[in-house]
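Structure first, commentary second.
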Amino acid sequence: MIRFLNHIWNSISDAGTRSSQNARERNGIILLNRAWLILTLIQVPCFFQHILNGFWLSAIMTAGYIAGLALIHVFVRLGHVNAGKIWAIIVINLNTTLMAVFFGEQTHLIDFLMLTALLPLYFFEIKNRMLIFWGILASILPTIIYHSITPYIKSFALPLDAQLTIYHTTNWVKQFCLVTLLYLIYNKNAAYEKEVSEKEGDLTGQKKLYERILDQIPIDIVTYNSDLSFTYVNSSAVKNANTRQWMIGKKNNDFFKACEMDPSSGAERERIIYEALGRKTPVEREETLFTKNNTVKHVMNGVSPVYDKNGEELLSLICYSVDITHIKEAEKKLKEYAIELERKNDDMHHFVNATSHDLKSPLRNIASHLQLLERKNLNRLDADSLELIEHTVKSVKHLNRLIGDIYQYSVADRNDKPLEKTDMNETLEHTLREMSETIAERNAEVRCNILPALKVAETHMGMLFANLIGNAIKYNTSSQPRITVNCEITNEEYIFSVADNGIGIAPEYRKQIFEIFQRLHTSAEYTGTGVGLAICSKIAENYGGKIWVESEPGQGSVFYFTFSKNIADPERNNDHHISGNQKFAIAS
Ligand code: ADP
């Protein structure tokens, strides 16, 4: 039996709680359900007492009251909690007013309306001001109307002794209801206050945490409200904690006055603030300041206005100031280094240019004089002397080639003219024409697919093709060297390949060969200077690309090099200029 009653109690208490948003609302619904049950349980004995006393009208009205109350529970069970509450106020008021009319003034039943006037305070949260207002009005209005019409409704009333009996019967109910209601309202508000203070505590804790985080940042941060009064100042902006505290609520000018500072020192900041407010977007500006010690300080000032979600009402203004003196100084130094480097590079280039020309002609003379000497004294010179001359001529020629290659290497990343669209097919054709003697000598076959037009310096492409095709023929022992030139185009780059059927390269040398003066063979085996692939690597790098080889000994080699489309694509609006100092030029 007790378990059954307990089950009913729980079922009634929990009715409609599923629709609740939070624990407080859930508790409110549970309390409403319990209050409803208590009220109904009070009315039921009243109903029977009226029957026992023979007050039929009173019994009918109490029954109506109980039925009205039952409807409240139906609303709540269906999840319409607010509708249930409004209906509760209406039904209680309606029933009470009718009872007061038909039972007579001396029953003082109309006093119940003063109790129902308290109900909205229990039913609704303080923030639902309109519901509370109408709820109270729904109790006060019938009371006023009742009192103004009492002289005209006296005829409906019960005899005076019956009225007094009802008064005595219901008086304790009135007192009980009052105490219960006051208790419920008090309890509800206590829970609400507790929740609010907990939330306030959480918010204050979070605010303090964020402030501590902002204090750790080595950037001056200040926030203003919509009146441009300080709302927060971090410790980097103002060191003194008391001053920071004092500043809250003050304006920029108050601060300058208190610190006896010239208000114009904040003029730049003010200007940015009004610019950001005018544009409704964040604004950043660099400012150069002169400190008291007459040293220069560079700062980056920024202002970021924060608006409500409609983007209309200004909520806050965040201002920050970052000391960028060290960055500016580093930038200045870097610029100086770049200029210096460019100058040294130019000097070096002129030096290499001049020495290569100056060295080449005497070397050519030495070789031709030696050869002339050999021809003139062919009969007089013994075999050793002839061999010596031959070796010397070979060395001089090698030296001559080396000087030429070093010069090529020094100019591989220079191009003083702006890059122009160049047809790679024509460049390759031109290179092959220049190499026609070597190609014919070795009976080589060079095939090529259709190549794109690129925005490059023709000399650079010529150097790449000449070195790679030259090597493909040179490092090849087959009766017919076969070379294929191809180009694949991806979204980001051009991938060129030069494939041969030559001697191939062992895996451990695939990186090394791109370094200057790195050779895998002696001059007796294959002539060369070890500069060609280093020139190719330098050119590819200057066009934002790279070079590599895929090869196996005896299986031929495929040399790949790429050009970035950002630089070499003629369709892209890239005003790129290849020069020996381009990397530094970008950095500065
Ligand atoms: P060089 O040809 O003047 O020696 P390179 O820088 O052009 O200098 O080449 C470096 C080395 O890479 C060469 O000595 C050679 O051993 C190797 N090499 C270059 N191209 C090929 C190739 N196509 N096949 C095999 N080996 C190659």
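The values are calculated or read from the model by the stated rules, or taken from the named source; none is laboratory data. Here the structure is a predicted model, which means the values were calculated and not measured. In this analysis, Cβ positions are derived from the backbone assuming ideal geometry, glycine residues included, and neighbour counts consider all displayed protein chains. Accessible surface is based on the protein model in full, side chains and every heavy atom, while ligands, DNA and RNA are left aside. Shrake-Rupley method; radii C 1.70, N 1.55, O 1.52, S 1.80 Å.
Tabulated results
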quantity: Members of the range 374-425 that are in contact (Cβ under 8 Å) with a residue 12 or more places away in the chain, among the charged types (D, E, K, R) and assigned to a loop (DSSP other than H, G, I, E, B); calculated: Asp413, Arg414, Asp416, Lys417
quantity: Residue match in the range 537-552 (condition: under 15 Å from Lys474 (Cα atoms), in contact with a helix residue (DSSP H, G or I) (Cβ under 8 Å, 6 or more places away or on another chain) and not basic (Lys, Arg)); calculated: no
quantity: Lys174 vs. criteria surrounded by 11 or more Cβ atoms within 10 Å (Cβ to Cβ) and in contact with a helix residue (DSSP H, G or I) (Cβ under 8 Å, 6 or more places away or on another chain); calculated: yes
quantity: The listed residue being touching a residue at least 60 places away in the same chain (Cβ under 8 Å), open to solvent by less than 40 Å² (accessible area, probe 1.4 Å) and away from the ligand (no atom under 14 Å from the Cβ), out of Leu454, Leu428; calculated: Leu454
quantity: Complete set of residues in the range 505-523 that are outside any loop (DSSP other than H, G, I, E, B) and near the ligand (Cβ under 10 Å from one of its atoms); calculated: Tyr509, Gln512, Ile513, Phe514
quantity: Hey, Gly544 part of a loop (DSSP other than H, G, I, E, B), more than 8 Å from the ligand (Cβ to nearest atom) and at positive phi or not; calculated: yes
quantity: Close pairs from the range 129-149: first modelled with pLDDT of 90 or more, partner surrounded by fewer than 13 Cβ atoms within 10 Å (Cβ to Cβ), Cβ under 8 Å, at least 6 apart; calculated: Ile132/Ile126
quantity: Filter pass, Thr143 being in contact with a helix residue (DSSP H, G or I) (Cβ under 6 Å, 6 or more places away or on another chain) and open to solvent by less than 60 Å² (accessible area, probe 1.4 Å); calculated: yes
quantity: Sole exception among (1) surrounded by fewer than 16 Cβ atoms within 10 Å (Cβ to Cβ); (2) of a type outside the set (Asp, Glu); (3) assigned by TED's automatic domain parsing to the domain that holds Thr562 for Gly462, by number; calculated: (1)
quantity: Of the criteria (1) buried (at least 19 other Cβ atoms within 10 Å of the Cβ); (2) near the ligand (Cβ under 10 Å from one of its atoms); (3) not in a loop (DSSP other than H, G, I, E, B), which one Val558 fails; calculated: (1)
quantity: Any hit, the range 486-504, residues being under 26 Å from Ile567 (Cα atoms) and either of a type in the set (Lys, Arg) or near the ligand (Cβ under 10 Å from one of its atoms) (or both); calculated: yes
quantity: Identity of the residue in the range 280-312, part of a loop (DSSP other than H, G, I, E, B) and among the polar types (S, T, N, Q), that ends up modelled with the lowest pLDDT; calculated: Thr291
quantity: Flag if Ala524 is at pLDDT below 90 and open to solvent by less than 70 Å² (accessible area, probe 1.4 Å); calculated: no
quantity: Which listed residue is of a type in the set (Gly, Ala, Ser) and open to solvent by 60 Å² or more (accessible area, probe 1.4 Å), from Ala412, Ala440; calculated: Ala440
quantity: Those residues of the range 347-373 which are surrounded by 11 or more Cβ atoms within 10 Å (Cβ to Cβ), without any contact (Cβ under 8 Å) to a residue 12 or more places away in the chain and over 30 Å from Ala524 (Cβ atoms), in sequence order; calculated: Phe351
quantity: Helices (runs of 4 or more DSSP H) enclosed by the range 92-197 - at least 3 residues per element that are over 24 Å from Gln49 (Cα atoms); calculated: 119-123, 129-153
